[in-house]
Amino acid sequence: MEQKLYIYNTLTRKKELFHAPNAPHVGMYVCGPTLYSDVHIGNCRTFTSFDIMFRYLTHIGYKVRYVRNITDVGHLEDENAGTGEDRIGKQARLKKLEPMEIVNRYAFGFREVMGLLNLLPPSIEPLASGHIIEQIEMTQEIIKRGYAYEKDGSVYFDVEKFAKEHNYGVLSGRSLEDQLNNTRDLDGQEEKKGRLDFALWKKAKPEHIMRWNSPWGEGFPGWHIECSAMGKKYLGETFDIHGGGMDLIPTHHTNEVAQSVGCCGNAPVRYWVHTNMLTLNGQKMSRSLGNVFLPVELFTGMKLATDSPSATPSQAKLDGKHPLFEKGYSPMTVRFFMLQTHYSSTLDFSNEALQAAEKGFRKLMEAIRVLGKLKTGATSTSNISALQQKCYDAMNDDFNTSILLANLFEAVRIINTVNDGKETITESDLNLLRELMHDFVIDVLGLKDDIRESAGDTTEGLMQLIIKMRAEARAKKDFATSDLVRDELAKLNIVLKDSKEGTGWELKS
Ligand code: AMP
Ligand code: ZN
């Protein structure tokens, strides 16, 4: 590959030059959502960050197989403790529905939101319940190699045994003593040999809904084994990139590494990539804390498939009307807001930050429209090719979308000054500038003008008609009419912009 891409690897705790032994093929696995309720904006941030990585890797020439699973079984209420009811099973019980009905309903909403945020669909989106055999086989292999034991119909991973031969805390950087000291002693965990042992397979109690036959009796898989089994199945025993939110490092991903090493003898992943949390007033947004924002509570001007029988109840209810927010925002404004911060930093969600993002996003989209009609000159005042290199440098530095946006706003400045006639640009530089904006704004950052799109073709047609009638009034020196049109439109937050090329319009924020 032409580009030298550096990625921060949680495994080594440093930025490393990305090397894919099977290039141009790259395998990337990202832990997907547990679909017992709607995904929140925090989840969306993580998936958006990986969408950017998927897009950039593809842009620089890799052929990426991107696997993002859906967890539909085995994720317990208190996963760290390995106790509580299955999250989906519980919803199925409460709502008197099939577990698959719960998952289907929220999967529909999840895909719809991912589409609104313009996330590309992953190459494979496997369900844990569709890979029970693979999980059983992996568990059998781990038992055979001596790292797991069966107890009364359940199978547990023997962490202390594993830790004698391997570094169990390789991802978290935590010692076994430290982890043991920070783990609670729990009731009903007598079956386990050690406090850190975790379930690969759980015996199903009589009331448990989701259950399968296994060599150990009827039961269901533990949460962690699904990702190890599906990653191995679709990407191989060792693959390139594995991602998820940072909150998954100490348990879920630590256990994934242990399972894969325990089963196959080698580390499953070359680059572990973790995204930081979206916070609300400094606190992690999470379903268990109850401080979540759902995309539909924030997005505005969107047509959601609320009529669909599988739409989630919350989708039917709300549209940009969360009590904490003064107004709603378009999905692309939210996407832009997220990209302003590097994925490894926390990102606090607030009205002010979204308002600022909306202004920036409109400015960027407006510049792209102006770019289409720029005139060329004999010389260029700015160095476009150096600017293009800076955009690549930003993305090559661990997908730094924040610095990329700063460079794209330099491009916006150039576009506007050339448009004002204060700078000039040659034809070849203008082509390069168009390529740069297309590559980075549309392909890599995945932004599109949804504020305008949501206004729809009808509005555009009506606006063109109004603009034409106003121009005719002015031509007849009927300024009373032309001023009236402008003032009435202003009341609707529509601003008319006159320039040499004609009159354009824009929605004021
Ligand atoms: P879950 O459905 O809770 O298993 O989460 C799905 C993904 O979203 C995981 O990769 C989590 O790490 C991530 N996630 C959960 N909460 C947040 C948050 N507040 N900010 C960013 N990512 C999150
Ligand atoms: Zn996972």
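The values are calculated or read from the model by the stated rules, or taken from the named source; none is laboratory data. Just so you know, these numbers come straight off a predicted model, no measurement behind them. Backbone-built Cβ (ideal geometry, glycine too); neighbour counts: all protein chains shown. Ligands, DNA and RNA are excluded from the accessible area calculation, which covers all protein heavy atoms including side chains. Shrake-Rupley method; radii C 1.70, N 1.55, O 1.52, S 1.80 Å.
Key figures for this structure:
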| item | result |
| --- | --- |
| Flag if Lys491 is loosely packed, with under 13 Cβ neighbours inside 10 Å and under 21 Å from Gly328 (Cα atoms) | yes |
| Enumeration of residues in region 275-286 that are touching a strand residue (DSSP E or B) at 6+ places or on another chain (Cβ under 9 Å) and open to solvent by 10 Å² or more (accessible area, probe 1.4 Å) | Asn276, Met277, Thr279, Leu280, Asn281, Gly282, Lys284 |
| Residue check, Met53 of a type outside the set (D, E, K, R), more than 16 Å from ligand 2 (Cβ to nearest atom) and buried (at least 22 other Cβ atoms within 10 Å of the Cβ) | yes |
| Single match in Ser428, Ser454 (criterion: at pLDDT 95 or above and hydroxyl-bearing (Ser, Thr, Tyr)) | Ser428 |
| In region 244-271, residue farthest from ligand 2 (Cβ to nearest atom) [restricted to those that are under 20 Å from Val73 (Cα atoms) and in a strand (DSSP E or B)] | Gly245 |
| All positions within region 351-390 that are without any contact (Cβ under 8 Å) to a residue 24 or more places away in the chain and closer than 22 Å to Cys44 by Cα | Glu352, Ala353, Ala356 |
| Elements of type strands (runs of 3 or more DSSP E) in region 1-47, at least 3 residues being touching a residue at least 40 places away in the same chain (Cβ under 8 Å) and under 19 Å from Ser123 (Cβ atoms) | 25-30 |
| From the options Ser214, Ser172, Ser228, residue that is in a loop (DSSP other than H, G, I, E, B) and within 16 Å of ligand 2 (Cβ to nearest atom) | Ser172 |
| Odd one out for Glu460 among (1) without any contact (Cβ under 8 Å) to a residue 12 or more places away in the chain; (2) assigned to a helix (DSSP H, G or I); (3) among the acidic types (Asp, Glu); (4) farther than 27 Å from Lys327 by Cβ | (4) |
| Candidates Ala92, Ala107 - the one that is open to solvent by less than 50 Å² (accessible area, probe 1.4 Å), farther than 27 Å from Phe239 by Cβ and outside any loop (DSSP other than H, G, I, E, B) | Ala92 |
| Residue count, region 145-174 (criterion: surrounded by fewer than 17 Cβ atoms within 10 Å (Cβ to Cβ) and more than 11 Å from Thr254 (Cβ to Cβ)) | 9 |
| Residues located in region 470-485, provided they are more than 14 Å from Trp505 (Cα to Cα) and surrounded by 13 or more Cβ atoms within 10 Å (Cβ to Cβ) | Ala473, Arg474, Asp478, Thr481, Ser482, Asp483, Leu484 |
